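Below is one structure, written out as structure tokens, with a few remarks after it.
The numbers here are math on the coordinates, done by the rules we state, and not lab data. Bear in mind the structure is a predicted one, so any value in this text is a computation, not a measurement. Heads up, the Cβs are rebuilt from the backbone with ideal geometry, glycines too, and the neighbour counts pull from every protein chain shown.
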């Protein structure tokens, strides 16, 4: 009997185009195209977040209500009961805390996008109970999926997880991103797509732009949801007294709208200090943007020699690199082989092949 699959994310929101949300949608819709006719996929999400991407004859969507009080606790309980009621299958989930007892019935793969809680960009305090529980639970997981070799290394070094338990499945791009557009009407000079939080380091870009003294007007576009630093960034932008226009956009509603911003942009700049992957780099490259990013390990892994790297603490050097790059001719086309490993269809195919080596019945 063939394996069936459960993909679960109670963090998923169908109206937000974050990297985690896009992975959840794309991996499931692509996965359905690669499994056999006798295999089924259950998608388990919070109520009210059904995406058109989940409409497929091999996919069943199950919903869990959002509880008015202690939502995470009651979600944990509800999730545990559902896991016990399902027949044995392969489960891929990113939910924390992990119901390890209920998951022991199944073949469990915990999806980990990054380990920022074990860095200076942590969401929890250094000695918090939640962080300790997180590490303990990860170590007890049957298997772990993560999105980059960098994050796999971080998990082994900082969380002491056996590397044999970890498989790397990169993030990717929707097929609508390829091929590269022929449109040369790029009216945005600099684009940065990232949530507004400390690790995304918007302030470096603003500080670099403070030193701009050119006569040509620069148009800058920042797109991202506020996670704590947006007001500070906007305050700094409002102090700019040079020939720069900055548009700040909360979020975009559709993938085609997001692609439209890439297509209008000459240069994508990411001053981020910490990432688990860095999906916008690949998206920007696929739409013909020149790309600059901080010289961090994961960006080297993802962007390879197709992007240029800069120091995260030298605003004048960043401005010089921006102006030099904007003045260069149009970027040469990237060989399609680069994007093959970032196509969701190929990523899903490889996962299906890997999972089908297991027999869970």
Q. How far is helix 149-158 tilted off the main Cα axis of the chain, in degrees rounded to 10, range 0 to 90?
A. 70 degrees
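May I ask you to sort 283, 162 by Cβ crowding, counting other Cβ atoms within 10 Å and putting the fewest first? All intermediate terms of the calculation are to be shown ahead of the outcome.
Working: 283 25, 162 10.
Lowest count first: 162, 283.
Take each of the peptides 144-151, 42-49, average the number of other beta-carbon atoms within 10 Å over its residues, and list them starting from the highest.
Values: 144-151: 22.1, 42-49: 18.5.
Per-residue Cβ counts within 10 Å, averaged per peptide and sorted highest first, yield 144-151, 42-49.
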(Q) Taking the 0 to 90 degree range and rounding to the nearest ten, how far is the long axis of helix 71-85 tilted relative to the main principal axis of the chain, both from C-alpha atoms? (A) 40 degrees
Q | For Cα extents along the principal axes in Å, calculated from these coordinates, the label among (1) 58, 53, 43; (2) 50, 48, 40; (3) 68, 46, 38 | A | (3)
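Sort the stretch 159-238 into rounded, prolate or oblate with this rule: let a ≥ b ≥ c be the square roots of the eigenvalues of the Cα gyration tensor; rounded if a/c is under 1.5, and if a/c is not under 1.5, prolate when a/b is larger than b/c, oblate otherwise. The partial results should precede the final answer.
Numbers: a/c = 2.81, a/b = 1.37, b/c = 2.04.
Oblate.
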Q.
Modelling each spin label as a point 7 Å along the Cα-to-Cβ direction, I'd like the residue 238/residue 225 distance in nm, to one decimal.
A. 2.5 nm
Q) Picking from 190, 132, 27, which is most flexible by a Gaussian network model of the chain using Cα springs under 10 Å? A) 132
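Sort 206, 61 by Cβ crowding within 10 Å, fewest neighbours at the top. Present the calculation step by step, with values, prior to reporting the outcome.
Numbers: 206 23, 61 16.
In order of increasing Cβ crowding within 10 Å: 61, 206.
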(Q) Nearest 10 degrees is fine. How inclined is helix 315-326 to the longest principal axis of the chain, computing both from alpha carbons? (A) 80 degrees
Q. Roughly how many Å is it from the Cα centre of the stretch 339-361 to that of the stretch 1-27, as a whole number?
A. 15 Å
Q) Could you state the number of Å between the C-alpha centres of the stretch 263-337 and the stretch 128-185? A) 21 Å
Q: Return 213, 272 ranked ascending by Cβ neighbour count within 10 Å, so the fewest neighbours appear first.
A: 213, 272
